[in-house]
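Notes follow the structure.
No lab work stands behind these numbers, since they all come straight from the coordinates. None of the values given here were measured: they were computed from a predicted structure. Heads up, the Cβs are rebuilt from the backbone with ideal geometry, glycines too, and the neighbour counts pull from every protein chain shown.
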Amino acid sequence: MRDSSGSIIGMENDNGMLNVTIGDWSNPAAVDAYLDFHRSLVATEVVDGHFADKPNVFPIRNASLSTGWEICETASGPGKHTWSDACAEITESQANGYTAGRERLMSSLLPIYTQGGASQGGVVFDATNATNGNTATFYYKPFKADAIHERVLAYLQSGYRYVYFMADQQTDSDPSDLQPSCSEDHIGLFLLGVEEGCILGCNGWSEDFERPLGAPLGNATRSGDIMTRKFASGTYVEYDVAKRTAKVHWAV
């Protein structure tokens, strides 16, 4: 998408990546091309999901601008970034066209990925109640350790294909920095709830992710404040509910 002066719009996303372009959804051909691309992905029978990372870009009225309109990464404006990094000036016509095109894109995208059938048919962010896919997503903070596995099973049994764990809202970082944002406590908590279809978002990479795990050998057990869960590889996790700390014992 281009701004009111004709320059390509580039925004800073919530992970610190600069100059991220956005689709010009005011152009029906752009919407059709995007949807056709995703239909071709589903037709391969290899791809069954899509993380639509920028459905939260919104046109906003701004009387201080000559056109009276801007488009920003969030509905509240530039948020934690500078205006020049997260917003751009657009015309009213662009704003109206983008809004209409975005609504058509999102409403058409969901059936492409749910026709095979997640009965629930929506991404769920427990913190925001946003919906736009077939993956259940939640942050650790609202949940106690002994409730995570129950929540995961509830999502999977209701028809979601995947459950995406996030330690917290990801902070800005250098995209080339692969240091993970997950601590051992986060990984341990994930292991208490993990089932097939679960994904851990750590905003980086750790050699621990290459270690053997295997299928879980049942649910976690609890003795006092310590929860333990074992896996087929010999790996097991101990989680202290009172201290909210974990120790992962990886199989050799």
| field | Virtual spin-label span in nm between Thr82 and Ser5, 7 Å along Cα→Cβ | value | 1.4
| request: Go ahead and run the numbers for FRET between Glu196 and Ala43, Cβ-Cβ distance against an R0 of 25 Å, rounding to 0.05. | output: 0.55
| task | Output the Kirkwood hydrodynamic radius of segment 28-114, Cα pairs only, in Å rounded to one decimal. | result | 14.4
| Leaving out same-chain residues fewer than 8 places away, which aspartates and glutamates sit with a Cα under 20 Å from that of Lys247? | Asp146, Asp168, Glu184, Asp185, Glu195, Glu207, Asp208, Glu210, Asp225, Glu238
| field | Qualifying chymotrypsin sites (Phe, Trp or Tyr not before Pro) for segment 159-252 [loop in DSSP, other Cβ within 10 Å: at most 16] | value | Trp205, Trp250
